[in-house]
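K.L.:
Handing you a structure now.
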Ligand SMILES: NC(=O)c1ccc[n+]([C@@H]2O[C@H](COP(=O)([O-])OP(=O)(O)OC[C@H]3O[C@@H](n4cnc5c(N)ncnc54)[C@H](OP(=O)(O)O)[C@@H]3O)[C@@H](O)[C@H]2O)c1
């Protein structure tokens, strides 16, 4: 899917998965353009890293951001805001048409393990955890938003090479192994391992139009 070197447009680059993803992309010789709300939050500097100040809630400028971009990466979340409105869905509904206009085909979106797959139910134990642990943590809005992103991609964006990763992440920390894609198996991973997995997904054509989980096939 992804040819090297590419230009990645990253949303959520200052976040816990995003910071790792940017580092991996730059280390592999790619260019990264990142839309960030607060430039001081970006921990790294690099000649191939371009920061653009802004918010996904800004209505203008999508086409300009996509200029010379090969892949769009979303590791976005604002759980508080997502309790009130589906900001990621509204954003994805703007970026996908702009991608069509600018002829950008590849789109990777990180959702969560509690995010229900398209027209399916979660396994009962996951459902219980979602409705206790995730509810208490104020994450139900975020998962609802992620679910409507998946619905939109499946129903209205089959012409785009999108991939959704339903990540199960718990913490920062040293690598715990290599994550593999699966419809049902999952592991509680680190942000760094999830970012590395996301990067690898871009080279996996069989992942296009999937919204799978990830698990450690090899643990260190
Ligand atoms: N955290 C977890 O344990 C976990 C587990 C599984 C799945 N996920 C999923 O993975 C995704 C990313 O999670 P994460 O924990 O890596 O992210 P995070 O650390 O919460 O960071 C979220 C990122 O989104 C950015 N963002 C939020 N609202 C924005 C806006 N209006 N405009 C521009 N940027 C905005 C944030 O920018 P600022 O730096 O400016 O805030 C930050 O860079 C989410 O969809 C989440 O559901 C997370």
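K.L.:
In whole Å, what are the Cα extents of segment 129-171 along the three principal axes, biggest one first?
P.N.:
37, 20, 12
K.L.:
Then there's this: In nm, what is the difference between 0.36 nm times the number of residues separating residue 208 and residue 125 and their Cα-Cα distance?
P.N.:
My answer for the length gained is 27.1 nm.
K.L.:
Using only the Cα atoms, work out Rg/Rh for segment 72-129, with Rh taken as the Kirkwood radius, to two decimals.
P.N.:
Working: Rg = 14.1 Å, Rh = 13.4 Å.
Result for segment 72-129 is an Rg/Rh of 1.05.
K.L.:
Could you work out the pair-distance distribution P(r) of segment 31-132 from its alpha-carbon pairs, with 5 angstrom bin width and percents rounded to whole numbers?
P.N.:
Once binned at 5 Å, the Cα pair distances of segment 31-132 give 2, 10, 18, 20, 19, 13, 9, 7, 3, 0.
K.L.:
Sticking with this one: Calculated from DSSP H runs of 4 or more alone, at -39500 (n - 2.57) each and per residue, what is the 222 nm mean residue ellipticity of the chain, nearest 500?
P.N.:
Using -39500 (n - 2.57) per qualifying helix, the result is -9500 deg cm²/dmol.
K.L.:
Could you work out the relative contact order of segment 106-208? I mean the mean sequence separation of Cα pairs under 8 Å and 6+ apart, divided by the number of residues, in percent.
P.N.:
32
K.L.:
Take each of the peptides 101-111, 31-41, 83-93, 121-131, average the number of other beta-carbon atoms within 10 Å over its residues, and list them starting from the highest.
P.N.:
101-111, 83-93, 31-41, 121-131
K.L.:
Rounded to the nearest 5, what % of the DSSP beta bridges within the chain are antiparallel ones?
P.N.:
On the way: 6 of 35 bridges.
Roughly 15 percent of the DSSP beta bridges within the chain come out antiparallel.
K.L.:
Same structure, new question: What fraction of the DSSP beta bridges in segment 1-127 is antiparallel, stated in percent and rounded to the nearest 5?
P.N.:
Among the beta bridges of segment 1-127, antiparallel pairing accounts for roughly 0 percent.
K.L.:
Given a cut-off of under 8 Å on Cα pairs at least six residues apart, what relative contact order in percent is computed for segment 7-219? It would help to have the intermediate numbers written out before the result.
P.N.:
Numbers: 400 pairs, mean separation 43.2, N = 213.
Value for segment 7-219: 20 percent.
K.L.:
Another question about this same structure. Grab the Cα-Cα distance for residue 159 and residue 133, subtract it from 0.36 nm times how many residues apart they are, and report the gain in nm with one decimal.
P.N.:
Contour length minus Cα-Cα distance gives 5.7 nm.
K.L.:
Given labels modelled 7 Å from the Cα in the Cβ direction, how far is it in nm from residue 79 to residue 185?
P.N.:
2.9
K.L.:
If you don't mind, another one. P(r) for segment 7-219: what percent of alpha-carbon pairs falls in each 10 Å bin, starting at zero?
P.N.:
The distribution over segment 7-219 is 8, 36, 40, 14, 1, given as percents.
The numbers here are math on the coordinates, done by the rules we state, and not lab data. Being a predicted model, the structure only gives us computed values, none of them experimental. For neighbour counting, all protein chains shown are included, and Cβ atoms are generated from backbone atoms with ideal geometry for every residue, glycine included.
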